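Working notes, beginning with the structure itself.
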Amino acid sequence: MTAFDELVRRHATSAVRAARSFGGMDEVDEIVQDAFVKAYRALARFDLERPFRPWLIAFVANEASHRRRSRKRRARLREAAIADGGVAESSAEDRMMQAMDHVDLRSALGRLDRKDRDVIVYRYLLEFSEAETAEALHCPVGTVKSRSARALARLRGMLQPEASND
């Protein structure tokens, strides 16, 4: 077993959880695999003085974000084609994914801006410490604290819109 195989073994569960948390529900395995491949290729740039997990999860977050953007681009193209009469209707899989995108926490997370979503995912869904989150997001711990508080307030507002209207 190589050292990288051991890193994969140790961090695969965190990577899978991160891929799900960053919105890659339908492509978790692909996101994780691509993130590990990209991390492997970038190992020469890894700073041994820093923790590995936040560095790896940044690859997962970037890959999930890339795939989410691609999915949105494809959806816009599909909508444009439908509007132009080029496509009759979306597939059952597309309809299911759209329905999943509009439910509970994942939907609200998807509506947050990237900085807010990332801090929530790292801190609360991946259970990173404030220091690990700061490392992963390349910002000071104080920024993580303030960003977390603001992001949680926004998320609560999205999840309980009736309460904010009273």
Would you please put 34-45, 11-22, 135-146 in order of how densely packed they are, using the mean number of other Cβ atoms within 10 angstrom per residue and starting with the highest? 11-22, 135-146, 34-45
For region 115-159, what is the accessible area per residue in Å², given a 1.4 Å probe and the full set of protein chains? 49
Per residue, what accessible area does region 13-62 have, given a 1.4 Å probe and all protein chains present, in Å²? 54
Pop out the carbon and sulfur fraction of the accessible area of region 2-50 as a percent, whole number, probe 1.4 Å. 49
Pulled fully out, how much extra length does the chain show between Leu125 and Val16, if you take 0.36 nm times their separation in residues and subtract their Cα-Cα distance? 38.1 nm
Kirkwood Rh and Cα Rg combined as Rg/Rh, region 1-52: 0.99
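The values are calculated or read from the model by the stated rules, or taken from the named source; none is laboratory data. Because the structure is a prediction, the values reported are computed rather than measured. Quick reminder, even Gly has a Cβ in these numbers, built from the backbone with ideal geometry, and neighbours come from all protein chains shown. SASA here: full protein model, heavy atoms, side chains in, ligands and nucleic acids out. Shrake-Rupley method; radii C 1.70, N 1.55, O 1.52, S 1.80 Å.
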